[in-house]
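Down below is the structure, laid out as structure tokens.
Please treat every number below as a calculation from the coordinates, not as lab data. These figures come from a predicted structure and were not determined experimentally. Cβ sites come from the backbone with ideal geometry, for glycine too, and all protein chains shown count toward neighbours.
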Amino acid sequence: MQRAVATWRRVFRHGRTAVATALVVLVSVVVAAPAAAYPVDPDWAEPRTVFIPETGQSLDRLFLDLWRGNGGESTWGNPLTPEITLENGHVIQYFEYARFEYWPEGDANGNTVVLGDIGEALRPLSLDAQRESDARAFSTLDIRRQPATPKAEQAAWEPFASVDDIDFSDDASAYRQNTYRFVPETGHGVWGGFRDWWESSGEAGYLGNPLTEEYVVKGVSYQVFERGKLTWKEGQDIRLMPVGEMLVDRYTLDTSPMQQGDLPVYNEEIFIPPIAKPAAGSSPGPVDGAGKSIVISLSQQAMWAYEGSTLVDSIYVSTGREKFKTPTGLYAVNLKMKLDDMDGIIGGEEYDVPNVPDVMYFTDRGHAIHGAYWHDNFGTPMSHGCVNLPLWFATWLYDWAPMGTPVLVAG
């Protein structure tokens with residue numbers, strides 16, 4: 001296989017560099033919701049089972065955590081089967097490019113969630129009788145219908161004791177020998193583009209170690225690894241073959257779509273905690289007789305926006321710290337600036353904050369309501385006296401509130 005070392009860089013749809021080397025064996029990976037300083041709904045709970053409409057399958061708990069935490073569909077493909085419980089108590093689920101496994105007793109390292117060595121399932125029957133024993137775990141598999149293994153593939157599975165046992169004399173150039181890397185754990189090596197792809201996707205951490213040498217069948221190059229199989233053809237990019245899908249077909253496993261029921265459709269947005277809203281009943285407003293009014297509570301670090309007596313929206317804010325408390329009283333928006341550079345010295349503290357967005361001044365001493373891009377600790381006093389808002393809410397409020405809008409600041 002004579003190809004440019006950089007060939008793999010143009011494809012990398014599956015098993016790309018984002019897959020960290022830490023994928024060696026993944027144990028009970030927990031994907032926490034993004035840390036958010038902004039108060040979130042205390043009644044919200046992260047979904048533990050989701051529905052994948054592309055294949056009509058569900059993903060649950062530990063398998064969902066592993067899938068989400070390490071690239072999702074772009075790394076593993078989508079689930080093709082439901083969870084399958086084997087006679088030994090292990091639970092497995094097939095994906096396009098992987099098999100996830102749950103071992104209640106844990107492996108040698110104590111890991112309960114591991115990546116299945118699906119490359120081993122490609123080992124020719126004539127080379128490994130254990131392959132037939134493994135196949136019996138699936139009663140629908142008809143071993144007799146498996147295609148004959150080409151001689152080149154048969155030979156590629158034979159391991160070497162050391163790199164000194166490998167004959168490089170048949171190569172037309174020294175390229176293979178110069179780029180060859182022997183992996184003693186399995187007695188095989190990788191070279192050229194396959195080596196680049198393997199190393200840049202996390203080596204054994206993602207694909208596992210090589211189980212074969214590179215071999216060519218009908219002008220197409222292949223190499224099998226513990227957890228996958230690479231292929232390459234002249235004029236095309238290296239790609240990862242969907243071994244999980246191949247095994248599902250070989251074992252004639254049930255891939256019938258399930259009923260979605262009340263399961264949420266997978267989307268990363270459903271794992272973002274909804275923000276908490278200040279209770280309407282705890283507001284000290286609205287301002288009597290006002291068309292629109294803004295009401296702020298320092299004790300609650302909260303804001304309410306009203307049209308007449310109707311609550312339009314509410315949000316948690318950050319007002320002045322103890323040394324720089326936002327003044328209480330009834331004020332009005334007296335100046336609006338879409339962007340403002342704020343600097344000065346207050347109470348011996350110097351500040352210089354450029355491009356503050358959506359600024360609405362409401363006192364004659366420089367106190368303003370505005371967006372804050374430098375923190376997200378809303379619900380806690382943070383400022384030198386201004387009222388800090390999340391950027392998206394500040395933009396909405398700026399457009400909603402005209403000049404002269406009453407601003408009530410309560411203690």
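May I have the pair-distance distribution P(r) for segment 147-204, computed from all Cα-Cα distances with 5 Å bins from 0 and rounded to whole percent?
Binned Cα distances yield the sequence 4, 16, 22, 27, 20, 9, 2.
Per residue and in cubic angstrom, what volume does the convex hull of the Cα atoms of segment 280-410 have? Don't jump to the answer; show the numbers that get you there.
On the way: hull volume 12.2 nm³, N = 131.
So the per-residue hull volume is 93 Å³.
Can you pull the three principal axis extents for the Cα set of segment 255-303, in Å, largest first?
63, 23, 16 Å, listed from the longest principal axis down.
Count charges around Ile84 for me, please; just the other residues with Cβ under 12 Å from its Cβ, Lys/Arg as +1, Asp/Glu as -1.
Details: positive: Arg99; negative: Glu83, Glu87, Glu101, Asp254.
Its environment carries a net charge of -3.
Rounded to the nearest 5, what % of DSSP beta bridges with both residues in segment 280-410 are antiparallel? Before the final figure, lay out each step's value.
Numbers: 29 of 37 bridges.
Taking every DSSP beta bridge with both residues in segment 280-410, the antiparallel ones total about 80 percent.
Given R₀ = 35 Å, FRET efficiency for Arg61-Leu253 by Cβ-Cβ distance, to 0.05? Kindly include the intermediate steps, with their values, before the conclusion.
On the way: r = 21 Å, r/R0 = 0.60.
Using R0 = 35 Å, I get an efficiency of 0.95.
So which aspartates and glutamates pass the test for Lys151, namely a Cα distance under 16 Å, with those fewer than 8 places away in the same chain ruled out?
Asp128, Glu213, Glu214
What trypsin sites (Lys or Arg not before Pro) does segment 151-226 have in DSSP loop regions with at most 14 other beta carbons within 10 Å? Numbers along the way, then the final one.
Numbers: sites: Lys151, Arg176, Arg181, Arg195, Lys218; in loops: Lys218.
Counting only loop positions with at most 14 other Cβ atoms within 10 Å, the trypsin sites (Lys or Arg not before Pro) in segment 151-226 are Lys218.
Reachable aspartates and glutamates from Lys325, Cα under 15 Å, same-chain residues fewer than 8 places away excluded?
Glu349
Going down the table (Lys277/Lys323; Lys277/Lys338; Lys292/Lys336; Lys292/Lys338), which pairs top 22 Å between alpha carbons?
Numbers: Lys277/Lys323 27 Å; Lys277/Lys338 26 Å; Lys292/Lys336 16 Å; Lys292/Lys338 20 Å.
In this structure, Lys277/Lys323; Lys277/Lys338 lie more than 22 Å apart at Cα.
Would you mind computing the Rg to Rh ratio of segment 183-252 from its alpha-carbon coordinates, Kirkwood style for Rh? Walk me through the intermediate numbers first.
Working: Rg = 12.1 Å, Rh = 12.5 Å.
Answer for segment 183-252: 0.97.
Could you name the lysines whose alpha carbon sits less than 18 Å from that of Lys233, not counting residues in the same chain fewer than 8 places away?
Correct list for Lys233: Lys218.
Just subtract the alpha-carbon distance of Ser74 and Ile272 from 0.36 nm times their residue separation and send over the number in nm, one decimal. Provide the component values of the computation, followed by the final result.
Working: separation 198, 0.36 × 198 = 71.28 nm, distance 2.04 nm.
Fully extending the segment from Ser74 to Ile272 adds 69.2 nm.
So which chymotrypsin sites (Phe, Trp or Tyr not before Pro) in segment 36-124 are both in a DSSP loop and have at most 14 other Cβ atoms within 10 Å of their Cβ? It would help to have the intermediate numbers written out before the result.
Working: sites: Trp44, Phe51, Phe63, Trp67, Trp76, Tyr94, Phe95, Tyr97, Phe100, Tyr102; in loops: Trp44, Tyr97.
Within segment 36-124, the qualifying chymotrypsin sites (Phe, Trp or Tyr not before Pro) (loop, at most 14 other Cβ atoms within 10 Å) are Trp44.
Gain in length, Glu105 to Asp313, computed as 0.36 nm per residue apart minus the alpha-carbon separation, to one decimal in nm?
69.7 nm
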